[in-house]
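Q: Let me give you the structure first, and then I'll get to my questions.
The values are calculated or read from the model by the stated rules, or taken from the named source; none is laboratory data. Note that this is a predicted model, so its numbers are computed, not measured. Cβ atoms come from the backbone with ideal geometry, glycine included; neighbour counts cover every protein chain shown. When the accessible area is computed, the model is the full protein with side chains, heavy atoms only, and any ligands, DNA or RNA have been set aside. Shrake-Rupley method; radii C 1.70, N 1.55, O 1.52, S 1.80 Å.
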Amino acid sequence: MRTTTKRAAAVAGFMAGSLALAACSSSASGDTADAPELEIGSVDLAAAGCPADIKIQTDWNPEAEHGHLYELVGDGYTIDDSIKSVTGPLMAGGEYTGVDVTILAGGPATGFTQPNAQMYTDDSIFLAYVGTDESIAHASDLPTVGVFAPLEKDPQMIMWDPETLPDVTSIADLGSEGTTIRVFPGGTYIDYFVGAGILQADQVDATYDGSPAVFVSEGGAVAQQGFASAEPYIYKNEITEWGKPVEYELINDAGYPKYAAVLSLKPEAVTEYADCLTELVPVLQQAEIDFFASPDATNELILELIDAYDTGWLYSQEVADFSVETMKSELVGNGPDDILGNLDPARVQELFDIVTPIYAEQGFEVPEDLTAEDLYTNEFIDESIGF
(Lines give C-alpha, C1' and ligand atoms only; values in the text may rest on other atoms or scores of the structure.)
Protein backbone atom coordinates (compact mmCIF):
# COMPACT_ATOMS: atom_id res chain seq x y z
CA MET A 1 0.00 0.00 0.00
CA ARG A 2 1.22 3.43 -0.76
CA THR A 3 1.16 4.97 2.68
CA THR A 4 2.69 8.28 3.62
CA THR A 5 5.25 6.64 5.88
CA LYS A 6 6.47 4.45 3.04
CA ARG A 7 6.52 7.38 0.65
CA ALA A 8 8.51 9.39 3.18
CA ALA A 9 11.20 6.78 3.58
CA ALA A 10 11.23 5.89 -0.07
CA VAL A 11 12.20 9.30 -1.28
CA ALA A 12 13.47 11.41 1.60
CA GLY A 13 16.54 9.18 1.89
CA PHE A 14 17.94 10.14 -1.48
CA MET A 15 16.01 13.00 -3.14
CA ALA A 16 18.44 15.71 -4.15
CA GLY A 17 18.42 18.44 -6.72
CA SER A 18 18.24 22.16 -7.18
CA LEU A 19 14.92 23.89 -6.62
CA ALA A 20 13.50 26.04 -9.39
CA LEU A 21 11.56 28.74 -7.61
CA ALA A 22 8.80 30.76 -9.17
CA ALA A 23 8.12 34.44 -8.74
CA CYS A 24 4.43 34.11 -7.90
CA SER A 25 2.01 36.36 -6.05
CA SER A 26 1.74 35.07 -2.50
CA SER A 27 1.79 36.31 1.04
CA ALA A 28 4.29 35.36 3.69
CA SER A 29 3.69 32.49 6.08
CA GLY A 30 0.80 33.16 8.41
CA ASP A 31 -0.10 36.44 6.73
CA THR A 32 -3.59 37.02 5.42
CA ALA A 33 -4.10 38.67 2.08
CA ASP A 34 -7.25 40.45 1.02
CA ALA A 35 -9.45 38.19 -1.06
CA PRO A 36 -9.16 39.14 -4.72
CA GLU A 37 -12.08 40.93 -6.26
CA LEU A 38 -13.09 38.27 -8.75
CA GLU A 39 -16.20 37.89 -10.80
CA ILE A 40 -17.74 34.44 -10.56
CA GLY A 41 -17.54 32.57 -13.86
CA SER A 42 -19.79 29.99 -15.43
CA VAL A 43 -19.26 27.54 -12.55
CA ASP A 44 -20.65 28.81 -9.23
CA LEU A 45 -19.60 26.40 -6.50
CA ALA A 46 -20.88 28.71 -3.78
CA ALA A 47 -24.38 28.58 -5.26
CA ALA A 48 -24.07 24.79 -5.48
CA GLY A 49 -23.64 24.57 -1.71
CA CYS A 50 -19.92 23.85 -1.59
CA PRO A 51 -17.90 24.88 1.47
CA ALA A 52 -16.54 28.41 1.28
CA ASP A 53 -13.06 26.87 1.51
CA ILE A 54 -12.72 23.40 -0.03
CA LYS A 55 -9.91 21.74 1.92
CA ILE A 56 -8.14 18.81 0.29
CA GLN A 57 -5.68 16.55 2.14
CA THR A 58 -2.92 15.03 0.02
CA ASP A 59 -0.64 12.14 0.92
CA TRP A 60 2.75 13.82 0.58
CA ASN A 61 4.69 17.01 0.01
CA PRO A 62 3.74 18.95 -3.13
CA GLU A 63 4.79 17.09 -6.27
CA ALA A 64 3.81 16.89 -9.92
CA GLU A 65 1.54 13.90 -9.20
CA HIS A 66 -0.65 16.42 -7.37
CA GLY A 67 -0.58 18.90 -10.24
CA HIS A 68 -4.26 18.40 -10.99
CA LEU A 69 -5.03 19.92 -7.57
CA TYR A 70 -2.55 22.79 -7.62
CA GLU A 71 -3.95 23.68 -11.05
CA LEU A 72 -7.06 24.86 -9.18
CA VAL A 73 -5.23 27.57 -7.20
CA GLY A 74 -5.61 31.08 -8.60
CA ASP A 75 -3.52 34.22 -8.13
CA GLY A 76 -3.56 35.93 -4.75
CA TYR A 77 -2.95 32.70 -2.86
CA THR A 78 -1.63 32.50 0.69
CA ILE A 79 1.03 30.07 1.87
CA ASP A 80 0.92 28.90 5.49
CA ASP A 81 4.22 27.18 6.19
CA SER A 82 3.17 26.36 9.78
CA ILE A 83 0.63 23.78 8.59
CA LYS A 84 2.12 23.35 5.09
CA SER A 85 -0.87 24.54 3.08
CA VAL A 86 -1.74 26.91 0.28
CA THR A 87 -5.10 28.68 0.02
CA GLY A 88 -6.38 30.62 -2.96
CA PRO A 89 -9.40 31.26 -5.13
CA LEU A 90 -10.59 28.03 -6.74
CA MET A 91 -10.46 28.53 -10.49
CA ALA A 92 -12.05 26.62 -13.35
CA GLY A 93 -10.72 27.37 -16.81
CA GLY A 94 -9.29 30.65 -15.58
CA GLU A 95 -12.58 31.75 -14.00
CA TYR A 96 -13.39 32.17 -10.32
CA THR A 97 -15.86 29.61 -8.93
CA GLY A 98 -16.99 31.62 -5.90
CA VAL A 99 -15.10 29.57 -3.28
CA ASP A 100 -11.53 29.07 -2.12
CA VAL A 101 -9.44 25.91 -2.17
CA THR A 102 -6.88 24.86 0.44
CA ILE A 103 -4.45 22.09 -0.43
CA LEU A 104 -2.84 20.48 2.58
CA ALA A 105 0.48 18.68 2.33
CA GLY A 106 0.79 15.20 3.82
CA GLY A 107 3.72 13.12 4.94
CA PRO A 108 5.94 15.17 7.29
CA ALA A 109 3.29 17.89 7.52
CA THR A 110 0.86 15.55 9.27
CA GLY A 111 3.34 13.40 11.16
CA PHE A 112 2.83 10.79 8.41
CA THR A 113 -0.83 10.36 9.28
CA GLN A 114 -2.86 8.77 6.52
CA PRO A 115 -5.07 11.27 4.63
CA ASN A 116 -8.26 9.39 5.53
CA ALA A 117 -7.31 9.51 9.22
CA GLN A 118 -6.46 13.19 8.92
CA MET A 119 -9.89 13.87 7.43
CA TYR A 120 -11.55 12.17 10.39
CA THR A 121 -9.40 14.17 12.80
CA ASP A 122 -10.11 17.52 11.14
CA ASP A 123 -13.77 17.98 10.18
CA SER A 124 -12.91 20.96 7.98
CA ILE A 125 -11.19 18.67 5.44
CA PHE A 126 -13.62 18.03 2.60
CA LEU A 127 -11.66 15.64 0.36
CA ALA A 128 -8.66 13.37 0.90
CA TYR A 129 -6.50 11.05 -1.16
CA VAL A 130 -7.44 7.41 -0.42
CA GLY A 131 -6.28 4.36 -2.40
CA THR A 132 -8.92 1.73 -3.11
CA ASP A 133 -7.09 -0.89 -1.06
CA GLU A 134 -6.85 1.56 1.85
CA SER A 135 -10.57 2.26 1.60
CA ILE A 136 -11.23 -1.45 2.03
CA ALA A 137 -8.79 -1.83 4.91
CA HIS A 138 -10.34 1.08 6.81
CA ALA A 139 -13.99 0.62 5.82
CA SER A 140 -14.85 -0.04 9.45
CA ASP A 141 -12.94 2.71 11.27
CA LEU A 142 -12.39 5.36 8.56
CA PRO A 143 -15.00 4.76 5.85
CA THR A 144 -14.71 6.80 2.67
CA VAL A 145 -16.32 7.01 -0.76
CA GLY A 146 -14.20 7.90 -3.79
CA VAL A 147 -15.57 10.34 -6.35
CA PHE A 148 -12.62 11.06 -8.68
CA ALA A 149 -9.58 8.96 -9.60
CA PRO A 150 -6.81 11.19 -11.00
CA LEU A 151 -4.43 8.31 -11.75
CA GLU A 152 -5.41 5.43 -13.99
CA LYS A 153 -2.45 3.43 -12.67
CA ASP A 154 -0.65 3.49 -9.33
CA PRO A 155 2.96 4.77 -9.72
CA GLN A 156 4.13 1.98 -7.36
CA MET A 157 6.54 -0.38 -9.13
CA ILE A 158 9.33 -2.90 -8.68
CA MET A 159 12.60 -1.98 -10.37
CA TRP A 160 15.75 -3.89 -11.30
CA ASP A 161 19.07 -3.47 -13.11
CA PRO A 162 18.75 -4.65 -16.74
CA GLU A 163 22.50 -5.21 -16.99
CA THR A 164 22.66 -7.54 -14.00
CA LEU A 165 19.31 -9.21 -14.76
CA PRO A 166 19.11 -9.22 -18.58
CA ASP A 167 16.45 -11.95 -18.72
CA VAL A 168 14.02 -10.13 -16.42
CA THR A 169 11.21 -8.17 -18.03
CA SER A 170 8.53 -8.39 -15.33
CA ILE A 171 7.82 -8.96 -11.66
CA ALA A 172 6.89 -12.54 -12.55
CA ASP A 173 10.37 -13.00 -14.04
CA LEU A 174 11.88 -11.80 -10.77
CA GLY A 175 9.89 -14.55 -9.11
CA SER A 176 11.17 -17.16 -11.53
CA GLU A 177 14.75 -15.96 -11.08
CA GLY A 178 14.47 -16.02 -7.30
CA THR A 179 15.76 -12.45 -7.07
CA THR A 180 15.60 -10.78 -3.68
CA ILE A 181 13.11 -7.91 -3.69
CA ARG A 182 13.52 -5.14 -1.13
CA VAL A 183 10.25 -3.59 0.05
CA PHE A 184 8.74 -1.82 3.03
CA PRO A 185 6.87 -4.09 5.43
CA GLY A 186 3.10 -4.33 5.28
CA GLY A 187 2.54 -3.83 1.56
CA THR A 188 -0.67 -5.60 0.57
CA TYR A 189 0.45 -5.85 -3.04
CA ILE A 190 3.47 -7.92 -1.99
CA ASP A 191 1.23 -10.19 0.07
CA TYR A 192 -0.90 -10.66 -3.04
CA PHE A 193 2.10 -11.50 -5.27
CA VAL A 194 3.29 -14.09 -2.73
CA GLY A 195 -0.19 -15.55 -2.22
CA ALA A 196 -0.72 -15.82 -5.97
CA GLY A 197 2.58 -17.65 -6.42
CA ILE A 198 4.10 -14.84 -8.52
CA LEU A 199 6.78 -14.38 -5.87
CA GLN A 200 8.06 -16.65 -3.11
CA ALA A 201 7.99 -15.52 0.50
CA ASP A 202 11.72 -16.09 0.94
CA GLN A 203 12.45 -13.63 -1.88
CA VAL A 204 10.89 -10.71 -0.06
CA ASP A 205 13.22 -8.59 2.06
CA ALA A 206 11.01 -6.22 4.05
CA THR A 207 13.91 -4.17 5.46
CA TYR A 208 13.98 -1.45 2.79
CA ASP A 209 14.36 1.99 4.41
CA GLY A 210 14.23 4.23 1.36
CA SER A 211 17.98 4.52 0.96
CA PRO A 212 19.62 3.48 -2.33
CA ALA A 213 22.67 2.16 -0.46
CA VAL A 214 21.92 -1.57 -0.65
CA PHE A 215 20.72 -1.50 -4.25
CA VAL A 216 23.93 0.31 -5.21
CA SER A 217 26.27 -1.83 -3.09
CA GLU A 218 24.71 -5.03 -4.45
CA GLY A 219 25.39 -3.81 -7.97
CA GLY A 220 21.77 -4.32 -8.95
CA ALA A 221 21.68 -7.96 -7.90
CA VAL A 222 18.55 -7.19 -5.88
CA ALA A 223 15.27 -5.63 -7.00
CA GLN A 224 13.55 -2.83 -5.13
CA GLN A 225 10.20 -1.11 -4.82
CA GLY A 226 9.79 2.50 -5.92
CA PHE A 227 7.66 4.97 -7.85
CA ALA A 228 7.79 5.09 -11.63
CA SER A 229 7.29 8.85 -11.51
CA ALA A 230 10.56 9.47 -9.67
CA GLU A 231 13.16 6.74 -9.08
CA PRO A 232 14.03 5.91 -12.71
CA TYR A 233 15.12 9.52 -13.26
CA ILE A 234 16.74 9.90 -9.85
CA TYR A 235 18.81 6.71 -10.06
CA LYS A 236 20.05 7.54 -13.53
CA ASN A 237 20.70 11.26 -13.04
CA GLU A 238 20.92 12.19 -9.36
CA ILE A 239 22.47 9.19 -7.59
CA THR A 240 26.02 9.47 -8.84
CA GLU A 241 27.04 6.09 -7.37
CA TRP A 242 24.55 4.43 -9.75
CA GLY A 243 24.16 6.72 -12.75
CA LYS A 244 22.49 4.36 -15.21
CA PRO A 245 19.00 3.23 -16.21
CA VAL A 246 16.78 0.83 -14.29
CA GLU A 247 13.88 -1.20 -15.64
CA TYR A 248 10.59 -1.71 -13.81
CA GLU A 249 7.05 -3.02 -13.91
CA LEU A 250 4.07 -1.26 -12.37
CA ILE A 251 2.18 -3.27 -9.77
CA ASN A 252 -0.99 -2.53 -11.76
CA ASP A 253 0.49 -4.21 -14.81
CA ALA A 254 1.57 -7.19 -12.71
CA GLY A 255 -1.97 -7.95 -11.53
CA TYR A 256 -2.72 -5.60 -8.63
CA PRO A 257 -5.42 -3.25 -9.99
CA LYS A 258 -5.36 -0.53 -7.35
CA TYR A 259 -6.58 3.01 -7.93
CA ALA A 260 -4.21 5.33 -6.06
CA ALA A 261 -4.97 8.74 -4.53
CA VAL A 262 -8.70 8.69 -5.20
CA LEU A 263 -10.32 11.93 -4.05
CA SER A 264 -12.68 10.69 -1.37
CA LEU A 265 -15.18 11.95 1.21
CA LYS A 266 -16.86 10.63 4.31
CA PRO A 267 -19.94 8.64 3.21
CA GLU A 268 -22.43 11.06 4.78
CA ALA A 269 -20.79 14.01 3.01
CA VAL A 270 -21.51 12.46 -0.38
CA THR A 271 -25.22 12.80 0.29
CA GLU A 272 -25.03 16.13 2.08
CA TYR A 273 -22.95 17.77 -0.64
CA ALA A 274 -24.40 16.04 -3.70
CA ASP A 275 -25.24 19.34 -5.42
CA CYS A 276 -21.73 20.61 -4.75
CA LEU A 277 -20.09 17.45 -6.07
CA THR A 278 -22.18 17.59 -9.23
CA GLU A 279 -20.47 20.90 -10.04
CA LEU A 280 -17.08 20.28 -8.41
CA VAL A 281 -16.08 16.89 -9.82
CA PRO A 282 -16.18 18.06 -13.46
CA VAL A 283 -13.98 20.99 -12.40
CA LEU A 284 -11.50 18.46 -11.00
CA GLN A 285 -11.63 16.47 -14.25
CA GLN A 286 -10.97 19.52 -16.39
CA ALA A 287 -8.20 20.78 -14.10
CA GLU A 288 -6.29 17.57 -14.72
CA ILE A 289 -6.59 17.96 -18.47
CA ASP A 290 -5.52 21.60 -18.22
CA PHE A 291 -2.51 20.71 -16.06
CA PHE A 292 -1.13 18.17 -18.50
CA ALA A 293 -1.77 20.47 -21.44
CA SER A 294 0.38 23.17 -19.83
CA PRO A 295 2.09 22.09 -16.57
CA ASP A 296 4.86 24.68 -16.23
CA ALA A 297 3.09 27.36 -14.19
CA THR A 298 1.59 24.86 -11.78
CA ASN A 299 4.92 23.08 -11.34
CA GLU A 300 6.44 26.47 -10.50
CA LEU A 301 3.90 26.80 -7.70
CA ILE A 302 4.70 23.27 -6.52
CA LEU A 303 8.41 24.08 -6.37
CA GLU A 304 7.71 27.35 -4.56
CA LEU A 305 5.67 25.47 -1.95
CA ILE A 306 8.40 22.89 -1.43
CA ASP A 307 10.84 25.70 -0.69
CA ALA A 308 8.39 27.47 1.62
CA TYR A 309 7.42 24.36 3.58
CA ASP A 310 11.08 23.42 4.17
CA THR A 311 10.40 19.86 5.36
CA GLY A 312 13.70 18.49 4.09
CA TRP A 313 12.03 17.24 0.93
CA LEU A 314 14.08 18.18 -2.15
CA TYR A 315 12.43 17.95 -5.54
CA SER A 316 14.10 19.28 -8.64
CA GLN A 317 12.58 20.85 -11.72
CA GLU A 318 14.00 17.93 -13.67
CA VAL A 319 12.20 15.34 -11.54
CA ALA A 320 8.97 17.32 -11.89
CA ASP A 321 9.37 17.37 -15.68
CA PHE A 322 10.14 13.63 -15.72
CA SER A 323 7.12 12.93 -13.55
CA VAL A 324 4.80 14.79 -15.92
CA GLU A 325 6.09 12.89 -18.94
CA THR A 326 5.91 9.55 -17.15
CA MET A 327 2.37 10.21 -15.97
CA LYS A 328 1.31 11.17 -19.49
CA SER A 329 2.82 8.05 -21.01
CA GLU A 330 1.98 5.48 -18.33
CA LEU A 331 -0.10 6.61 -15.36
CA VAL A 332 -2.90 8.98 -16.35
CA GLY A 333 -5.56 8.70 -19.01
CA ASN A 334 -9.11 7.69 -19.66
CA GLY A 335 -10.68 4.50 -18.43
CA PRO A 336 -11.95 1.84 -20.84
CA ASP A 337 -14.90 4.09 -21.74
CA ASP A 338 -12.85 7.18 -22.70
CA ILE A 339 -13.87 9.08 -19.54
CA LEU A 340 -11.36 10.68 -17.20
CA GLY A 341 -11.56 10.02 -13.47
CA ASN A 342 -14.28 7.41 -13.13
CA LEU A 343 -13.61 4.06 -11.46
CA ASP A 344 -14.15 0.87 -13.43
CA PRO A 345 -16.57 -1.35 -11.43
CA ALA A 346 -14.97 -4.58 -12.65
CA ARG A 347 -11.53 -3.36 -11.63
CA VAL A 348 -12.66 -2.27 -8.16
CA GLN A 349 -14.38 -5.62 -7.72
CA GLU A 350 -11.22 -7.44 -8.80
CA LEU A 351 -9.14 -5.62 -6.20
CA PHE A 352 -11.85 -6.17 -3.59
CA ASP A 353 -11.70 -9.93 -4.21
CA ILE A 354 -7.90 -9.87 -4.00
CA VAL A 355 -7.41 -7.91 -0.78
CA THR A 356 -10.41 -8.83 1.36
CA PRO A 357 -9.05 -12.26 2.36
CA ILE A 358 -5.59 -10.78 2.86
CA TYR A 359 -6.94 -8.13 5.22
CA ALA A 360 -8.91 -10.76 7.11
CA GLU A 361 -5.68 -12.65 7.72
CA GLN A 362 -3.98 -9.43 8.84
CA GLY A 363 -6.68 -8.66 11.38
CA PHE A 364 -8.41 -5.73 9.71
CA GLU A 365 -12.07 -5.56 10.62
CA VAL A 366 -13.60 -5.41 7.16
CA PRO A 367 -17.41 -5.20 7.55
CA GLU A 368 -19.08 -8.44 6.52
CA ASP A 369 -21.67 -6.57 4.47
CA LEU A 370 -19.13 -4.35 2.67
CA THR A 371 -19.30 -4.51 -1.12
CA ALA A 372 -17.04 -3.07 -3.80
CA GLU A 373 -19.81 -0.66 -4.76
CA ASP A 374 -19.68 0.91 -1.30
CA LEU A 375 -16.18 2.25 -1.96
CA TYR A 376 -16.87 4.73 -4.75
CA THR A 377 -19.46 6.46 -6.91
CA ASN A 378 -19.25 7.67 -10.50
CA GLU A 379 -22.46 9.66 -10.29
CA PHE A 380 -20.73 13.04 -10.29
CA ILE A 381 -18.36 12.34 -13.21
CA ASP A 382 -18.97 14.33 -16.38
CA GLU A 383 -18.86 11.63 -19.04
CA SER A 384 -18.02 14.18 -21.75
CA ILE A 385 -14.63 14.99 -20.16
CA GLY A 386 -11.63 12.91 -21.17
CA PHE A 387 -8.20 13.16 -22.71
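Q: Keeping all protein chains in the complex and leaving out DNA, RNA and ligands, what accessible area do you get for residue 271 with a 1.4 Å probe, in Å² to the nearest 10?
A: For residue 271, solvent-accessible area is about 110 Å².
Q: Mind checking which of 210, 67, 197 has the largest fluctuation in a GNM of the chain, springs on alpha carbons under 10 Å?
A: With Cα springs under 10 Å in the chain, the top fluctuation among 210, 67, 197 is at 197.
Q: Same structure, new question: Enter the mean projected area of the convex hull around the alpha-carbon atoms of segment 168-256, in nm², rounded to one decimal.
A: Its average projected convex-hull area is 5.4 nm².
Q: Sort all Cα-Cα distances of segment 223-305 into consecutive 10 angstrom bins from zero, then give the percent of pairs in each bin up to the one containing the longest distance.
A: Spelled out per bin, shortest first, that is 13, 25, 34, 21, 7, 1.
Q: Among DSSP bridges having both ends in the chain, what percentage is antiparallel? Round to the nearest 5.
A: Antiparallel: roughly 60 percent of the beta bridges in the chain.
Q: Still on this model: Which of rounded, prolate or oblate describes segment 277-331 when judged by the alpha-carbon gyration tensor and an a/c cut-off of 1.5?
A: Taking the square roots of the gyration eigenvalues as a ≥ b ≥ c, segment 277-331 is oblate.
Q: Order 328, 266 by their accessible area, 1.4 angstrom probe, all chains in place, largest first.
A: 328, 266
Q: For the chain, with every protein chain kept in place, what is the accessible area per residue (1.4 Å probe, Å²)?
A: 38 Å²
Q: If the cut-off is 21 Å between C-alpha atoms, which lysines fall inside it for residue 258, apart from same-chain ones fewer than 8 positions away?
A: Excluding near neighbours in sequence, the set is 6, 153, 266, 328.
Q: Now for a separate question. What accessible area, in Å² to the nearest ten, does a 1.4 Å probe give for residue 356?
A: Ignoring ligands and nucleic acids, residue 356 comes out at about 40 Å².
Q: Would you work out which of 225, 252, 127 lies farthest towards the positive end of the dipole of segment 124-268, given +1 charges on the beta-carbon of Lys and Arg and -1 on that of Asp and Glu, about the Cα centre?
A: 127
Q: Which residue fluctuates the most in the chain, going by a Gaussian network model with Cα springs under 10 Å, if the choices are 139, 293, 117?
A: Most flexible of the set in this elastic network: 293.
Q: Can you tell me the 0 to 90 degree angle between the C-alpha axis of helix 345-362 and the longest principal axis of the chain, rounded to 10?
A: The angle comes out near 60 degrees.
Q: Can you pull the percent of segment 168-247's accessible area that's carbon plus sulfur, 1.4 Å probe, other chains left in place?
A: Of all accessible area on segment 168-247, carbon and sulfur atoms account for 46 percent.
Q: Could you tell me which of 136, 50, 91 has its Cα farthest along the dipole of the chain towards the positive end, charges placed at Cβ (Lys, Arg +1; Asp, Glu -1), taken about the Cα centre?
A: 136
Q: Over the Cα atoms, compute the radius of gyration (one decimal) and Dmax (the largest Cα-Cα distance, rounded to a whole number) for segment 82-237, in Å.
A: Using the Cα atoms of segment 82-237, the pair Rg, Dmax is 19.4, 57 Å.
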